[in-house]
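Only one structure is covered here, and it is reproduced in the block below.
The values are calculated or read from the model by the stated rules, or taken from the named source; none is laboratory data. Model, not experiment: these values are computed from the prediction. Glycine also receives a Cβ, built like all others from the backbone with ideal geometry; neighbour counts cover every protein chain displayed.
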Amino acid sequence: MKKNSLKQQIAAAIGACLEKKAEELSILEMEKGSGAFTDYFVLCSGTNPRQVQAIADEVELRLKAADLRPAHIEGYKQAEWVLLDYVDFVVHVFSEKARKFYDLERLWKSAKRLEPADLKPAPKKRKAEPKLDAPKMRPKQKKTA
């Protein structure tokens with residue numbers, strides 16, 4: 001998968017989390033050779049089981065609209081830790097208690113922390129357009145009667 005389209009998918013997941021008022025949003029870019037089974041983790045928290053499920057639902061809905069379905073979902077019914085596995089990235093939606101207990105940021109402390117702005121694709125370089133000489137202006141001539 002192209003890196004820019006992967007980043008766009010992750011950005012869509014983040015947007016879904018934020019729309020449902022997810023707290024403590026964190027993005028981890030996993031190191032190559034770290035043993036991680038994916039390239040990115042998106043982590044966030046909800047304040048109660050309904051919000052945790054609503055965040056997970058919105059992520060799934062947004063990515064389904066982009067024709068992307070999770071390979072696996074875990075923990076939805078209990079809503080303590082919902083895991084949405086999209087292969088190249090995994091979205092973790094925690095209750096506050098479960099997030100503190102599992103502390104994935106500490107567990108994967110070698111991962112690079114990203115901000116949502118880091119996921120915006122790099123602007124495309126434009127080809128230099130040839131400069132055109134400005135037309136030479138002639139002074140207006142007075143009309144004669």
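Which of the residues spanning the range 11-42 are surrounded by 17 or more Cβ atoms within 10 Å (Cβ to Cβ), in contact with a strand residue (DSSP E or B) (Cβ under 9 Å, 6 or more places away or on another chain), among the aliphatic types (A, V, I, L, M) and over 15 Å from VAL87 (Cα atoms)?
ILE14, ALA16, ALA22, ILE27
Which of the residues spanning the range 48-70 are surrounded by 11 or more Cβ atoms within 10 Å (Cβ to Cβ) and either in contact with a Gly (Cβ under 6 Å, 6 or more places away or on another chain) or of a type in the set (A, V, I, L, M, F, W, C) (or both)?
VAL52, ALA54, ILE55, ALA56, VAL59, LEU63, ALA66, LEU68
Residues GLU19, GLU60: which one is over 26 Å from LYS109 (Cβ atoms) and in contact with a Leu (Cβ under 9 Å, 6 or more places away or on another chain)?
Exactly one residue qualifies, and that residue is GLU60.
Which of (1) of a type in the set (Gly, Ala, Ser); (2) under 17 Å from LEU119 (Cβ atoms); (3) buried (at least 18 other Cβ atoms within 10 Å of the Cβ) is the odd one out, the single condition ALA79 does not satisfy?
(2)
If you scan the range 1-47, which residues turn out to be assigned to a loop (DSSP other than H, G, I, E, B), of a type outside the set (A, V, I, L, M) and either on the phi > 0 side of the Ramachandran plot or at pLDDT below 95 (or both)?
Once the filter is applied, which keeps residues that are assigned to a loop (DSSP other than H, G, I, E, B), of a type outside the set (A, V, I, L, M) and either on the phi > 0 side of the Ramachandran plot or at pLDDT below 95 (or both), the range 1-47 yields LYS2, LYS21, GLU31, LYS32, GLY33, SER34, GLY35, PHE37, THR38, ASP39.
When only residues in the range 48-67 that are at pLDDT below 95 and in a loop (DSSP other than H, G, I, E, B) count, which is farthest from GLY15 (Cα to Cα)?
Checking each candidate, the answer is ASP67.
Suppose we filter ASP39, ASP103 for residues that are touching an Asp or Glu at 6+ places or on another chain (Cβ under 7 Å) and among the acidic types (Asp, Glu); which single one remains?
Result of the check over ASP39, ASP103: ASP39.
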